[in-house]
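Chemist: Quick one: the structure is below, questions incoming.
The values are calculated or read from the model by the stated rules, or taken from the named source; none is laboratory data. Every value quoted in this text rests on a predicted model; they were computed, and no experiment measured them. We place every Cβ from the backbone using ideal geometry, glycine too, and count neighbours over all the protein chains shown.
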Amino acid sequence: MGTALVFDEEMTRYKLLWFDPACVIETPERLTVSHEALVRTGLAARCVPTPVREASDDDILLVHSKEYLEAVKKTPYMTLDDLKEFTLNYGDVYFHPNIYHCAKLAVGAALQLVDAVMTGKVRNGMALVRPPGHHSMRSAASGFCVFNNVAIAAKYAQQKYAVQRVLIVDWDIHHGQGVQYAFEDDPSVLYFSWHRYEHQEFWPKLRDSDYDCVGKDKGAGFTINVPWNKIGMQNSDYLAVFCHVLLPVAYEFCPDLVLVCAGFDSAIGDPEGEMCATPDIFAHLTHLLMNLAGGKLCAVLEGGYNLTSLSQSVCLTVQSLLGDPPPRPTDLQGPCQSALESIQCVRSAHRKYWSCLQHAVQRPPSDVSTKLEAHGEARVSKADLVWPQPARHLPPALCTAAVIPEDLLCPLGCFRIPREQRDVAVSTWSSLAALVGRLQRNEIRNGLALVSDVSMAMAHVFGHTPKQRVLAVCVGDTEALPGLPEDGKTLTVHFSKEALDKPRCKYYIPVCLKKGLMQAACSLLLPLSYQYDPDLVLLTRVPGSHMDQSEWQQLVGLLQGLAGGHVLVLIQEGEKALVGPTASSLSGSPASSPGPLSAPGAEDIEALERLKYRLTTDWKLLQTSGEC
Ligand code: X5A
Ligand code: ZN
């Protein structure tokens, strides 16, 4: 389906012309190094090159006032002194004779990306732009931003393509107040932002950026702010917010299009963010969003001021967009106390708006979150600012292998493991063994087998993976799971609609739910899986499941973020109809959307919260509240 890359060198042709310490970090090199890194790694060549265009006045007026546009239009003709004076009207931004031209291209780049995605030319894409956009407001420039690229893109998509619901994920380390203000009373655009806040001490120092600002009027609940009150946040903190806040709400919202304010000042080494999440995390964040909205995702560059971590993060984002498996996650110890406080506050503030959060722990609004300190130092030491160079990764040439009967057509994008023996039963086992071997040698990425007895097939796979950590995810009402090794070499999560055994040990987790499966996948399965960090994911499906085809496809998609993408799916014969949809997700096609009706019921969410709570002592990534 393809990934668009929108870029034009023209956007490097403006810079700060006078002394202003607040603006020195916003340089043309930000764009050149990012683009050069994409070229050097071969990623750019794998994308669909997509030209920029100049946004029209009408495009810009979707978000900005006529007066502001007319004022900016005059800047190309101003003298240096005029430009300096004009700049003084706004905060932390600079003007240059060529910035108006570049700002029109930056908006146009975002719109070209939306066009490419919405017309089906590509599945997703990224626009590398300057100036950034998310701080600019209806009548004001701010924080290096002139026009609000992403806010305009959202309105444009709604107007031109009748897109109903747009999800905007702002992972830049600053609060995109411009985006928030553009949609604060609009329930058709869900705006999510995390940002360095430090109890309103950090720029732009707005009361509007706190967790209790949730939107206005009809838009109440459709603004989600996650303030970071400490610096030094790590991969675990970011993942925890995705698992426990963003993803459950995103699945409930059911967007038709996902836009990302892709700022990388939230990565380690950035002088603005001072956070400690590694560039690898962006491969995961991207992957986790890639199956929403039928895969329609547009990432638009915002901030990012450490040229090394910026360019690495851009590469990892594009790598995921292209469908490469994310690298194995590193150092997931669980979120810090300060992050947990923020998570708890956000979930509590939103519990009345989202079914998936209705059983979040209630926090009295007066309980201002100042008491608890993050573990360790509040300062980030120099030693913590070193991170490993992302692995040079080569995706396996072959993607999906299938062990299926000869009378079944091999699904598109798969290749069949040939049968070596005439005896059907023996042949399936030997083919399955061959498949597991090829997965272990990284000759294939993932695989799928249709088997007569899932339980025996699982035992067979365990037999061939004695040294590996296997995450077994079982879906359906199996009575007999094989005798599971309880040595920590497998973690089993079993989804069933019937009541199951009580958890026998830390490594066997039964989940009994009627509905709300996506919520369980996001806030239970993902944290467990990430923390377990398996070498192989074994996903099994037997009849008698309540998980519909789109939920199943989402699960197949999400789990490919683990184990370097090594997922083996075992389907029991009665569920033959799932072979095609499974193969499609394994070979990288976007999963279908579960639809807004899959919202969970109160009972399910309560059961889920209870289960999570019980497991938190063993699995820190499941935590959603601080120690009170
Ligand atoms: C897009 C962006 C940051 C502005 C910081 C001003 N702007 N102190 O990251
Ligand atoms: Zn920023």
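Chemist: For region 399-420, check the following and say yes or no: at least one residue is surrounded by 13 or more Cβ atoms within 10 Å (Cβ to Cβ), touching a Ser or Thr at 6+ places or on another chain (Cβ under 6 Å), within 15 Å of GLN572 (Cβ to Cβ) and modelled with pLDDT of 90 or more.
Modeler: yes
Chemist: Quick check, is VAL52 in a loop (DSSP other than H, G, I, E, B), in contact with a strand residue (DSSP E or B) (Cβ under 7 Å, 6 or more places away or on another chain), at pLDDT 95 or above and more than 16 Å from ligand 1 (Cβ to nearest atom)?
Modeler: On the way: in a loop (DSSP other than H, G, I, E, B): yes; in contact with a strand residue (DSSP E or B) (Cβ under 7 Å, 6 or more places away or on another chain): yes; at pLDDT 95 or above: yes; more than 16 Å from ligand 1 (Cβ to nearest atom): yes.
So VAL52 passes the test.
Chemist: I'd like the residue in region 340-362 that is among the charged types (D, E, K, R) and surrounded by fewer than 21 Cβ atoms within 10 Å (Cβ to Cβ) and, out of all such residues, is farthest from LEU246 (Cα to Cα).
Modeler: Only one residue tops the list, namely LYS352.
Chemist: Quick check on this structure: which one of GLN333, GLN344, GLN312, GLN319 is at pLDDT below 95, closer than 21 Å to LEU239 by Cβ and either in contact with a strand residue (DSSP E or B) (Cβ under 9 Å, 6 or more places away or on another chain) or in the same structural domain as ALA153 (by TED's automatic domain parsing) (or both)?
Modeler: GLN333
Chemist: How many residues are buried (at least 23 other Cβ atoms within 10 Å of the Cβ) and assigned to a helix (DSSP H, G or I) when one looks only at region 312-337?
Modeler: 9
Chemist: Please count how many residues of region 283-317 are within 15 Å of ligand 1 (Cβ to nearest atom) and hydrophobic (A, V, I, L, M, F, W, C).
Modeler: Within region 283-317, residues that are within 15 Å of ligand 1 (Cβ to nearest atom) and hydrophobic (A, V, I, L, M, F, W, C) number 6.
Chemist: Please go through (1) under 23 Å from THR50 (Cα atoms); (2) within 16 Å of ligand 1 (Cβ to nearest atom) for SER142 and return the number of the only condition it doesn't satisfy.
Modeler: Unmet for SER142, out of (1) under 23 Å from THR50 (Cα atoms); (2) within 16 Å of ligand 1 (Cβ to nearest atom): (1).
Chemist: Still on this structure: Going through LEU17, LEU38 one at a time, which residue ends up being under 24 Å from the mean Cα position of the chain (by Cα) and at pLDDT 95 or above?
Modeler: When all the criteria are applied, what remains is LEU38.
Chemist: When only residues in region 145-178 that are of a type in the set (Phe, Trp, Tyr) and buried (at least 24 other Cβ atoms within 10 Å of the Cβ) count, which is farthest from THR119 (Cα to Cα)?
Modeler: TRP171
Chemist: When both residues are 6+ apart or on different chains and their Cβ atoms are under 9 Å apart, which pairs have a first residue that lies in region 89-107 and is charged (D, E, K, R), and a second that is part of a helix (DSSP H, G or I)?
Modeler: Pairs found: LYS104/ASP59; LYS104/ILE60.
Chemist: Hey, TYR181 hits all of (1) part of a loop (DSSP other than H, G, I, E, B); (2) surrounded by fewer than 23 Cβ atoms within 10 Å (Cβ to Cβ); (3) within 16 Å of ligand 1 (Cβ to nearest atom); (4) not basic (Lys, Arg) but one; which does it fall short on?
Modeler: (1)
Chemist: I would also like to ask the following. Going by the conditions given, is VAL107 more than 13 Å from ligand 1 (Cβ to nearest atom) and under 25 Å from LEU322 (Cα atoms)?
Modeler: Taking the combined requirement at face value, the residue satisfies it.
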